[in-house]
Amino acid sequence: MFAKSLSLSLMGSELRVMFTRRRTWAMLAAIALIPILLAVAVALTSDQLAPGEGPPFLDRVTQNGLFTGFTATLLALPLFLPLTMAVVAGDTIAGEASLGTLRYLLIAPVGRLRLLVVKYLGTIVFALAGTFTLMIAGGIIGAILFPIGPVTLLSGDQISLAESIGRMALVAVYTAISMSGLLAIGLFVSTLTTVPVGAMAATVVLAGVSQILDNLPQLSWLHEWLFTHYWLSFADLLRQPIELGSFASNSLLQLGYIAVFGALAYSRFTTKDILS
Amino acid sequence: MPQALELAIKTSSLTKQFGSQKAVSSIDLSVPKGSVFGFLGPNGSGKTTTIRMILGLAAASKGDIELLGHPIPKELEHALPKVGALVEGPAFYPYMSGRNNLIRIDSADRNSMSGTRKQRVDAALERVGLTNAAKKKVHAYSLGMKQRLGLANALLKPREILILDEPTNGLDPQGTREVRNLIRSLAAEGITIFVSSHLLSEIEQLCSHLAVMTAGKIVAQGSLAELRNESQTRLVLKADRIDELVDFLKVQGLTKLSLKPDRVVAPVPTDFDVANLNQLLVKKKFMVSEIRLEQPSLEEYFVNLTGEGFEVVR
């Protein structure tokens with residue numbers, strides 16, 4: 001009875017479908033490639049890099065391999081990570097509609113709200129898979145190419161190896177939370193069309209627009225409402241004592257986006273004629 | 001109290017409007033329980049839209065639907081587990097095997113027993129003859145195999161009604177026969193079957209009841225016997241001295257005569273006494289070479305109702 005109401009069977013099925021697709025694995029592989037390319041490039045040119053040159057943390061990678069994951073997260077955040085998220089979120093409903101499987105799920109019957117919730121949770125699982133892939137691939141390649149040991153944080157304090165692995169996990173979770181608002185937007189866009197590519201493109205464009213707006217000082221009043229605003233603030237998790245302010249603000253903001261776009265997706269999807 | 005005929009599907013004034021166009025225009029369907037109900041109409045007549053509304057995929061613009069006694073869409077989730085359906089062709093995840101596709105769709109229903117899932121899926125695959133292709137990915141399936149897989153999906157659970165939209169589309173003649181046999185055996189188990197088609201030949205061999213739809217309206221509905229009766233019986237007569245013959249027939253009360261080069265055709269009541277007329281003709285020394293009553297085939301009747309030709313009506 002409990003398993004029934006939790007829809008565990010459907011959730012498992014959703015994840016099986018997602019992880020049967022080659023596309024899902026290709027995207028995770030591409031995500032893993034970011035820290036690998038980064039580490040190899042840094043390893044080949046480390047003697048030419050002056051401290052502070054390049055993206056933040058880049059110079060630290062050579063001193064401590066564990067920084068590879070953090071730096072890679074920084075590089076993937078503006079475009080690549082949102083792109084993979086848009087692909088998965090844009091596909092949720094529109095992908096099923098374009099295959100025609102949506103009508104068979106609905107007459108199974110799956111229940112429209114239930115399907116929407118499971119689809120969204122599926123995208124969250126993908127977000128976690130993506131951010132952890134980034135971090136783990138970074139940690140592994142960093143450990144191979146560079147020395148690893150206690151990490152010197154941005155605040156200058158040192159934390160142990162075990163604690164720094166904890167911080168890596170925390171950053172991965174933070175980044176997945178950062179993506180959750182975008183995923184809700186993508187879910188909503190996906191209910192509007194039967195063309196998954198359209199939903200994916202629209203979602204990624206919105207992520208871009210939000211970041212551009214966040215960079216316009218004239219719109220500073222708007223910045224803290226943009227879902228991309230706290231994306232780069234994961235750096236606060238690399239201070240000692242740990243700075244959780246942006247974690248809380250980010251989570252709250254993303255929850256707001258989930259609520260608004262979840263409601264929009266619900267009202268759209270539950271009243272939609274499925275004609276595909 | 002007289003027992004009303006139990007209906008598996010009942011619609012009243014069901015209407016679907018897309019913009020200014022009425023795809024389905026105030027139809028009243030009555031599908032008796034236990035019947036094999038043929039839903040006949042040319043392409044684009046509104047059959048699939050009707051089925052979508054019955055299954056709750058699309059909302060009706062006007063009118064009411066009852067499916068197995070449940071008002072739709074209000075009690076959709078109570079009705080659907082008892083319904084197996086194939087709507088507008090099969091649809092599957094091409095990158096998954098046939099078997100995993102069925103498992104996926106079965107997992108979507110929260111009431112379906114996960115303990116018996118694999119067993120039910122295998123039984124359904126067996127029933128449509130796909131056991132050997134169960135592990136193949138669906139993108140390697142032929143259209144006919146996908147159609148069978150769609151039928152297997154409809155048979156995953158014991159159903160009270162099967163709603164099959166053009167179930168033999170894309171099948172070769174042998175596959176068509178198999179599907180027909182499958183439908184017959186399911187009907188014999190007492191399952192109501194609602195099958196749509198644009199091919200009369202398919203329906204005529206299979207169905208006990210029929211509704212004919214054209215341009216969004218139902219133009220005929222009833223049991224096959226009733227519909228056969230509705231079609232006008234004709235007298236066909238061949239004899240010499242045509243002019244005299246026509247005059248004579250007019251005296252006998254047969255007024256709406258149509259003259260063909262070698263014969264006379266006239267609409268008559270079903271219980272028309274041919275023997276008597278024959279005797280009268282012989283008395284008047286007509287040389288009768290042929291006299292018979294003719295029942296138009298259902299196909300003629302269907303074409304009369306829906307119009308001939310390939311043109312899309314709207």
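Brief remarks follow.
- Taking only the Cα atoms of the stretch A:137-276, the ratio Rg/Rh comes out at 1.09, with Rh defined as the Kirkwood radius.
- Rh by Kirkwood over Cα pairs, then Stokes-Einstein D for the protein assembly as shown at 0.890 mPa s and 25 °C, µm²/s: 86 µm²/s
- Within straight-line cross-link reach of B:Lys250, lysines at Cα separation under 18 Å, skipping those fewer than 8 residues along the same chain: B:Lys238, B:Lys260, B:Lys283, B:Lys284, B:Lys285
- Cross-link partners of B:Lys135 among lysines (Cα-Cα below 22 Å; sequence separation of 8 or more within a chain): B:Lys118, B:Lys146, B:Lys157
- Footprinting exposure proxy for A:Leu113, B:Leu55, A:Leu106 (fewest neighbouring C-beta atoms within 10 Å first): A:Leu113, A:Leu106, B:Leu55
- Estimated distance in nm for a label pair at A:Leu128 and B:His198, the labels positioned 7 Å out from Cα along Cα-to-Cβ: 4.9 nm
- Sorted by Cβ neighbour density within 10 Å, fewest at the top, the residues A:Thr152, B:Thr48: A:Thr152, B:Thr48
- Take the Cα of B:Gln205, step 7 Å toward its Cβ, do the same at B:Asn43, and the gap between the two points is 2.2 nm.
- For the stretch B:41-77 and the stretch A:135-191, distance of Cα centres in Å: 50 Å
- Highest to lowest packing among A:11-17, A:170-176, scored as the average C-beta count within 10 Å: A:170-176, A:11-17
- Partner chain coverage, peptide B:104-117 - average Cβ within 10 angstrom: 6
- A cut-off of 5 Å between modelled amide H atoms, ignoring neighbours fewer than 5 places along the same chain, links B:Thr214 with B:Val219.
- Global form of the stretch B:122-200, assessed from the alpha-carbon gyration tensor, a/c cut-off 1.5: oblate
- Here, the stretch B:108-260 is characterised by an Rg to Rh ratio of 1.23, where Rg is the alpha-carbon radius of gyration and Rh the Kirkwood radius.
- Label-point gap, in nm, between A:Val195 and B:Ile242 - each point 7 angstrom along Cα→Cβ: 6.2 nm
- Entries in B:Lys62/B:Lys82; A:Lys272/B:Lys136; B:Lys62/B:Lys217 that, when Cα-Cα distance is taken, lie over 22 Å: B:Lys62/B:Lys82; A:Lys272/B:Lys136
- The residues B:Leu156, A:Leu216, when put in order of fewest to most other Cβ atoms within 10 Å, stand as A:Leu216, B:Leu156.
- Each listed q (0.14 Å⁻¹) maps to a log10 I(q)/I(0) for the stretch B:1-88 from the Debye sum over equal C-alpha point scatterers, namely -0.48.
- For the stretch B:168-252, trypsin sites (Lys or Arg not before Pro) are listed when DSSP marks them as loop and at most 14 other Cβ atoms sit within 10 Å of their Cβ; the list is B:Arg241.
- Three-way shape call for chain B based on the alpha-carbon gyration tensor, with the a/c threshold at 1.5: prolate
- Shape class of chain A from the Cα gyration tensor (axes a ≥ b ≥ c, square roots of the eigenvalues): prolate, since a/c reaches 1.5 or more and a/b is larger than b/c.
- Relative compactness, the stretch B:25-184, computed as alpha-carbon Rg over 2.2 N^0.38 Å: 1.05
- With a 10 Å cut-off around each Cβ of A:98-106, the average count of Cβ atoms from other chains is 6.
- Computed 3J(HN,Hα) for the stretch A:71-78, one whole-Hz value per residue from the Karplus formula 6.51 cos²θ - 1.76 cosθ + 1.60 where θ = phi - 60°, is 5, 5, 4, 4, 6, 7, 5, x, glycine and proline marked x.
- In chain B, helices alone account for a calculated mean residue ellipticity at 222 nm of -9500 deg cm²/dmol, with every DSSP H run of four or more residues adding -39,500 (n - 2.57).
- Computed about its Cα centre, the charge dipole of the stretch B:147-291 is approximately 260 debye, with only Lys, Arg, Asp and Glu carrying charge at their Cβ.
- Compactness of the stretch B:66-120 as Cα Rg over 2.2 N^0.38 Å, two decimals: 1.32
Rule-based calculations on the coordinates, nothing more; no lab input. These figures come from a predicted structure and were not determined experimentally. All Cβ positions, even for glycine, are placed from backbone atoms using ideal geometry, and neighbour counts span all protein chains on display.
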